[in-house]
Amino acid sequence: MNHSHDTIVAIATPPGRGGVGVIRLSGPDSTAIAEKLCGPLPSPRTAALRSFRDPEGATLDSGLVIVFPGPRSFTGEDVVELQGHGSPVVLEMILAACVDFGARRAGPGEFSQRAFLNDRMDLAQAEAVADLIAAATDTAARAAHRSLEGAFSKEVDGLAEALVALRVWVEAALDFPDEEIDFLADGQVAERVAGLRARQEALLERAGTGRLLTSGVRIAIVGRPNAGKSSLLNALSRHDAAIVTEVPGTTRDVLRETITIAGLPVTLADTAGIRETADRVESEGVRRAEREMHAADLIFWVVDATDPEAHPLPGLPQSVPLIRIDNKIDLSGESPSREGRHVRVSAVTGAGLDLLEQVVTEELGLNESGGGEYSARQRHVDAIALAGEHIRRGQAELDASGSGELLAEELRLAADALGEITGRMTSDELLGRIFSSFCIGK
């Protein structure tokens, strides 16, 4: 079903100059507008050279025209792509001519929104379009493409359908209590609920990794003054990003550098050394370091291997995974090594940094190739977690009372939570918030 009635137009290529610029039309009048702009159109899905003219007949540019009739197009509507020279001035003139001929300038994400509303893709796939465009690493790009192809949606829908199937089974047992087999009492339902919970937990873990691929990882580097935090930042970023001196308290503000670890975009935050101080500026730096710790996905707790008395560090959040890094082993005489989340390195010589990256890869749940199965977003993770909570509640109700009424309701709520990921159960407000974050022309 077509949910739109007007024709939209936008520049589909990034801002700036380039060899080629693309303008996209979508809607019921897209071919009529294109004919006014460049004359007779080529046959569908065939590129043809045409001149682009304004309403007065003045030539604006020449380039290729391709027509994609609906519903077999990106948006599900009639789509026309105009490929001209990549001058921002020329592209804007062509865009203005399309508006003069009756098109409306598209809003952010409006093409993808129409694709979703016209059933060309689900909501998770539409978000994957934006994630693919914004991918910061090749691993993130491959993951986003898998989501665009529907790998993530297939898993979400599969779990949702299994929840619905079990709910139907439970409700049948409630509606026909005189049947010879009591499904609720013989353990079959409990076994299936346990299986669904295991599937949900596995999906949540993989979606969490997918979120990191999409949004990147925030790592806070914390520790006492002069533990070598800035040296570690410089070693991992492979350039002198931070000033390094022997004076404690050199780092006052948070310094950020972006690197790649196992295919993940990682933002390292070098923070002020944590200690009691009367210096107002350094005290503010300590406060910011503590705030950075609580906002991080992972904490690097850096310890000076030559000063074992300085190890205790109060205020480390329990909710954020932590890797302890004994630095300066080149001075303490130790060898690089790791024991679980405890790594011994030298930021100066680079010894042990490969072990540190190995721990990070394992801690973030990445596979050997450094990537996840698909990209995901925080709202997806939240929805899967909510579905898991409903499954757990239903399981508890079944274990406590043996009654299926509340279990059936919790299974319904769990399936509804998953439906928000793909758009089966989505409010207009949520749609507006999602697509407004897209770039114009997509």
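Rule-based calculations on the coordinates, nothing more; no lab input. This structure is a prediction, so every number in the text was calculated from the model and none was measured. With ideal geometry, Cβ positions are generated from the backbone for all residues, glycine too; neighbour counts draw on all protein chains shown.
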**Prompt:** So, in nm, how far is label L406 from label A172 when the simple model puts each one 7 Å beyond its Cα toward the Cβ?
**Reply:** 2.5
**Prompt:** Taking neighbour counts of Cβ atoms within 10 Å as a proxy for exposure, in what order, fewest first, do W301, W169 appear?
**Reply:** W169, W301
**Asked** In whole percent, what relative contact order does the range 8-121 give with Cα contacts below 8 Å and a gap of six or more residues?
**Response** 32
**Complete:** Final fewest-first order of I8, I261, I133 on the 10 Å Cβ neighbour count is I133, I261, I8
**Item:** C-alpha center-to-center spacing [the range 122-168, the range 74-113] in angstrom
**Value:** 28
**Request:** Under 1.5 on a/c is rounded, so check that first for the range 1-42, then, if it is not, pick prolate when a/b is larger than b/c and oblate when it is not; a ≥ b ≥ c are the square roots of the alpha carbon gyration tensor eigenvalues.
**Result:** oblate
**Message:** Whole-Hz ³J(HN,Hα) for each residue in the range 192-205, computed from phi via Karplus 6.51 cos²θ - 1.76 cosθ + 1.60 with θ = phi - 60°, x for glycine and proline: what do you get?
**Reply:** 5, 4, 4, x, 5, 5, 5, 5, 5, 5, 5, 5, 5, 5
**Asked** Among C98, C38, which comes first, second and so on when ranked by fewest other beta-carbon atoms within 10 Å?
**Response** C38, C98
